[in-house]
């Protein structure tokens with residue numbers, strides 16, 4: 001039996017060795033019959049572009065150029081192939097090649113003049129050589145902190161910035177100071193359009209609940225900065241860039257829960273880039289909180305729709321931001337003598353009933369609706385010239401309800 005097993009083992013090894021030899025021969029024949037497509041990818045000045053992508057359309061075959069801009073592709077057999085050449089910042093090239101034998105295809109790529117959303121805020125943003133103190137806040141940093149609080153609290157770690165909250169939770173009426181300057185000397189823009197209220201010159205963040213969910217990034221400038229929108233920039237400026245619609249379709253649901261019955265629910269969806277030109281993104285947010293201070297609960301909602309239409313040299317962007325807030329009043333703050341006995345004390349709505357007992361009116365509230373409509377157009381009509389134009393319209397209405405003792 002041992003002899004038989006030995007013979008079987010020898011036979012198995014021979015069979016496996018034969019199969020490997022056959023497969024090697026087939027692979028060698030395939031390589032010999034393959035057709036090579038090679039060449040160099042360079043810019044319009046002849047400078048090599050290392051790392052450029054080269055692929056065969058509708059196949060999994062592709063490669064990248066080397067440090068000298070050269071590439072090499074092997075196709076199985078002669079025929080007609082469509083090669084795609086791509087490189088960041090350059091126009092994509094699709095070239096049809098009829099291959100009968102190994103061939104050399106050199107490509108010269110031209111820079112792409114594509115409009116990006118960032119051009120909208122260039123006029124109001126500081127750069128590395130701008131002689132002002134400024135800080136950039138990325139969208140990722142905002143999203144990590146975004147639990148429904150208003151923008152002043154999301155910027156709380158920015159140098160020289162102090163945030164305040166009437167309700168104590170950062171939801172409801174909030175405010176900020178930069179270098180001691182109050183809100184009516186801090187200019188705020190969104191996509192280059194001023195947000196400051198025309199009457200008070202302030203920004204009431206409560207009217208724009210969960211604005212942070214629609215923000216791509218922000219820049220805070222301390223002191224007189226680069227903003228060109230009036231005297232409001234004397235103390236500081238806050239520049240907001242909203243998100244660009246995504247290139248691929250998506251849907252997203254976020255929910256957050258916290259202390260004092262705080263809940264934030266956000267639904268977002270986008271169409272993705274359609275035909276390479278049009279995209280739409282929508283958001284709905286609902287934020288509720290009882291607040292730390294008594295009877296300062298908030299019930300806030302907001303919707304936003306952002307759409308873009310872009311061509312090679314132009315960009316049209318439309319924003320619709322709808323805000324609705326219902327917030328308990330706490331304008332007077334906590335009296336100093338109550339800080340020791342009851343730090344959550346709220347004097348709003350306090351009255352004496354017919355029996356001489358202290359009571360509190362339960363609907364001491366501020367109620368407001370504010371809608372923003374923005375249309376932004378950018379055109380690159382010459383190599384070094386851009387045209388930017390913007391139209392914006394803001395509407396608002398609301399009321400506050402206060403108990404007035406001894407009055408009807």
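The values are calculated or read from the model by the stated rules, or taken from the named source; none is laboratory data. A quick note: this is a predicted structure, and the numbers were derived from the prediction, not measured. Every residue, glycine among them, receives a Cβ derived from its backbone with ideal geometry; neighbour counts consider all protein chains shown.
For beta carbons closer than 7 Å, sequence separation of 6+ or different chains, a first residue in region 297-322 that is without any contact (Cβ under 8 Å) to a residue 24 or more places away in the chain and a second that is in a strand (DSSP E or B), the qualifying pairs are 303/283; 303/284; 303/322.
As a summary of the residue check, residue 376 satisfies the conditions (1) more than 29 Å from the chain's Cα centre (by Cα); (2) surrounded by 13 or more Cβ atoms within 10 Å (Cβ to Cβ); (3) outside any loop (DSSP other than H, G, I, E, B) except for the one numbered (1).
Of the residues that make up region 135-154, is at least one part of a loop (DSSP other than H, G, I, E, B) and closer than 18 Å to residue 222 by Cβ? The answer is no; no qualifying residue exists.
A quick yes/no check of all residues on (1) within 15 Å of residue 280 (Cα to Cα); (2) surrounded by fewer than 18 Cβ atoms within 10 Å (Cβ to Cβ); (3) at pLDDT 90 or above:
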| site | (1), (2), (3) |
| --- | --- |
| 307 | yes, yes, yes |
| 314 | no, yes, no |
| 320 | yes, yes, yes |
| 323 | no, no, yes |
| 329 | no, no, yes |
| 341 | no, yes, yes |
| 353 | no, yes, no |
| 358 | no, yes, yes |
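The residues of region 294-320 that are in contact with a strand residue (DSSP E or B) (Cβ under 8 Å, 6 or more places away or on another chain) and over 29 Å from residue 396 (Cα atoms), listed by number, are 310, 313, 314.
Note on region 192-221: residues that are under 11 Å from residue 238 (Cα atoms), under 17 Å from the mean Cα position of the chain (by Cα) and assigned to a loop (DSSP other than H, G, I, E, B) amount to 1. If you go through region 237-249 one residue at a time, do you hit one that is at positive phi, in contact with a strand residue (DSSP E or B) (Cβ under 8 Å, 6 or more places away or on another chain), in the same structural domain as residue 141 (by TED's automatic domain parsing) and part of a loop (DSSP other than H, G, I, E, B)? No, every residue in region 237-249 fails to be at positive phi, in contact with a strand residue (DSSP E or B) (Cβ under 8 Å, 6 or more places away or on another chain), in the same structural domain as residue 141 (by TED's automatic domain parsing) and part of a loop (DSSP other than H, G, I, E, B). Taking strands (runs of 3 or more DSSP E) as the structural unit, those lying wholly within region 1-106 and holding at least 3 residues that are modelled with pLDDT of 75 or more and under 30 Å from residue 313 (Cβ atoms) correspond to 35-43, 53-56, 79-86, 93-99. Exactly one residue among 272, 276, 291 is in contact with a strand residue (DSSP E or B) (Cβ under 7 Å, 6 or more places away or on another chain), surrounded by fewer than 17 Cβ atoms within 10 Å (Cβ to Cβ) and farther than 19 Å from residue 191 by Cβ, and that residue is 272. In the set (1) assigned to a loop (DSSP other than H, G, I, E, B); (2) in contact with a helix residue (DSSP H, G or I) (Cβ under 7 Å, 6 or more places away or on another chain), residue 175 fails one condition alone, (1). The numbered conditions (1) surrounded by 22 or more Cβ atoms within 10 Å (Cβ to Cβ); (2) closer than 26 Å to residue 310 by Cα; (3) at pLDDT 90 or above are all true for residue 172 except (2). Taking region 262-372 as the region of interest, none of the strands (runs of 3 or more DSSP E) fully inside it holds 2 or more residues being over 30 Å from the mean Cα position of the chain (by Cα) and outside the structural domain of residue 396 (by TED's automatic domain parsing).
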